[in-house]
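Undergrad: Sharing a structure below in structure tokens format, with a few things to ask.
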Amino acid sequence: MPGVNTPPDPNRVIVFDTTLRDGEQAPGFSMSAEAKVEMATALRDLGVDVIEAGFAAASPGDADAIRRVAGEVEGPIFCSLSRASEDDIRTAYGALQSAPKRRLHIFLSTSPIHRAAKLNMSADEVLETAVRSVSFARTLFDDVEFSAEDAIRTEPDFLGDVMEAVAEAGASTLNIPDTVGYSTPVEIGAIFADIRRRVIDKHPHVVISAHCHNDLGMAVANTLSAVENGARQVEVAVNGIGERAGNCALEEVVMALRTRADLYGVHTGVDTTKLVGVSRLLSALTKSPVVRNKAIVGLNAFAHEAGIHQHGMLQDSRTYEIMRPEDVGFSGTRLVLGKHSGRHAIAQRAEALGYRLTGNQLGHVFSSFKRRADEIGEIDDGELLTIINTVAETEAYRAYAS
């Protein structure tokens, strides 16, 4: 079977975005069909390879949203999630009919706890169901992805058996999800390396994928470890939204791969200059603000208030920034004037506003600035001008009085 989604460059990582499915199904992030179309357009322009537009069998509304997204946005591969049942697969096929490039994403639990508590199935029954569903899906879809839900807590040998079997049945992407955010970078790296050894030699067209949740705060680290050990697709969401503590954040893993290309040796097709814009769009559509200290896209990601940092930034931005703000969509570095700021930053901002402060004048402005910053926090340009003018008037009065 041809590798329908295998990149020509073995060092190219496919970006599979699940903002509209795993992200949108999390509490507080629901989107209308119109919002999904707007977000999908932005994701297309961002350069993601695959957009998981929803779970068609979840509701008629979800199926309709997938239909609209796939019909109104051109470019990426569009995907629907599906349980390992013929009814779900047919529903997904119907929702994706208008998409020139479409993928089915089948999931089935494989771990002992899920087999017993959720499926009431034996390991053999899970294996048979996985193969049967993939085989049926291949009669409708050229591009089928299989996810072993709760893969990390699955017996390694059984996980390998399932992945080998579904690859034989026609799945071209094998997803090894850390569904509950349980793994660590070392552990998940070993799991991916084992699956790569067991499957890729026999099926070189197959892509191994990582889908990591953030319950222990390691989604990005685990995803990067998976990439180091053979994953060539990452499943991510903008701003890291998703079930419980969320998914691997698209912007974080993409910029980690770019910034540390020396370490990972891979790249994506994402236009990183659009990351901030896409993040802000999602925030507006879901009415969920991005926290200030969010990596890459947070308001503070390229902001500096501490005097020592500001001094270094004024000399050479590389002293405290490992990425250029323009590379992710910010207009530039922001030197915040506050109680932690030093003389250099105040003098530089004053000069930008048309006031050259030196000697005693700078000292007086600096003292007044510190007192005011203690009172109100951040000092904007208007407040700084007030301080400068007040000091100038005071000095003029003193000179006149003397």
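Undergrad: Packing-wise, with mean Cβ within 10 Å as the measure, how do 225-235, 191-201, 274-284 rank, highest first?
TA: 225-235, 274-284, 191-201
Undergrad: Return, ordered by residue number, the residues of the stretch 330-367 whose backbone nitrogen is under 15 Å from a label point located 7 Å along Cα→Cβ of Glu378.
TA: Of the residues in the stretch 330-367, 331-341 have backbone N under 15 Å from the label point off Glu378.
Undergrad: Provide Thr129, Thr394, Thr173 in ascending order of the number of other Cβ atoms located within 10 Å of each residue's Cβ, fewest first.
TA: The fewest-first ordering by Cβ neighbours comes to Thr394, Thr129, Thr173.
Undergrad: Just need the relative contact order of the chain here, percent rounded to a whole number, with Cα pairs under 8 Å and 6+ apart.
TA: Values: 757 pairs, mean separation 55.9, N = 402.
About 14 percent, as a whole number.
Undergrad: Taking every pair of distinct Cα atoms and averaging 1/r, then inverting, what Kirkwood hydrodynamic radius in Å comes out for the stretch 1-137?
TA: With all distinct Cα pairs of the stretch 1-137 included, I get 15.8 Å.
Undergrad: Here is a further query. Under the rule a/c < 1.5 gives rounded, and otherwise a/b versus b/c splits prolate from oblate, where does the chain land using the Cα gyration tensor?
TA: prolate
Undergrad: If you don't mind, another one. Using 7 Å Cα-to-Cβ label points, what is the Arg197/Ile308 separation (nm, one decimal)?
TA: It works out to 4.6 nm between the two label points.
Undergrad: I've got another one for you. Roughly how many Å is it from the Cα centre of the stretch 55-70 to that of the stretch 260-336, as a whole number?
TA: 34 Å
Undergrad: Given the rule -39500 (n - 2.57) for each run of at least 4 DSSP H residues, summed and divided by the residues of the chain, what is its mean residue ellipticity at 222 nm, to the nearest 500 deg cm²/dmol?
TA: Counting only the DSSP helices, I get -13500 deg cm²/dmol.
Undergrad: What's the ranking of 261-273, 39-51 by average number of surrounding C-beta atoms within 10 Å, highest first?
TA: Taking the mean over residues of other Cβ atoms within 10 Å, the ranking is 39-51, 261-273.
Undergrad: Can you return the lysines within cross-link range of Lys294? Criterion is Cα-Cα under 26 Å, with same-chain partners fewer than 8 residues away left out.
TA: Once the sequence-local lysines are set aside, what remains near Lys294 is Lys36, Lys274, Lys339.
Undergrad: From the square roots a ≥ b ≥ c of the eigenvalues of the alpha-carbon gyration tensor of the stretch 120-175, which class results: rounded (a/c under 1.5), prolate (a/b over b/c), or oblate? Can you show the working numbers first?
TA: Numbers: a/c = 2.16, a/b = 1.57, b/c = 1.37.
Prolate, since a/c reaches 1.5 and a/b exceeds b/c.
Undergrad: Another question, then. Give me the percent relative contact order of the stretch 22-70, please, defined on Cα pairs under 8 angstrom at least 6 residues apart.
TA: 37 percent
Undergrad: Another question, then. Of all DSSP beta bridges in the chain, what percent run antiparallel (nearest 5)?
TA: If we restrict to bridges inside the chain, about 5 percent are antiparallel.
We did not get these values from a lab; they are worked out from the coordinates using the rules stated. From a predicted model like this one, the values you see are computed outputs, not experimental measurements. Virtual Cβ from ideal backbone geometry, glycine too; neighbours counted across all protein chains shown.
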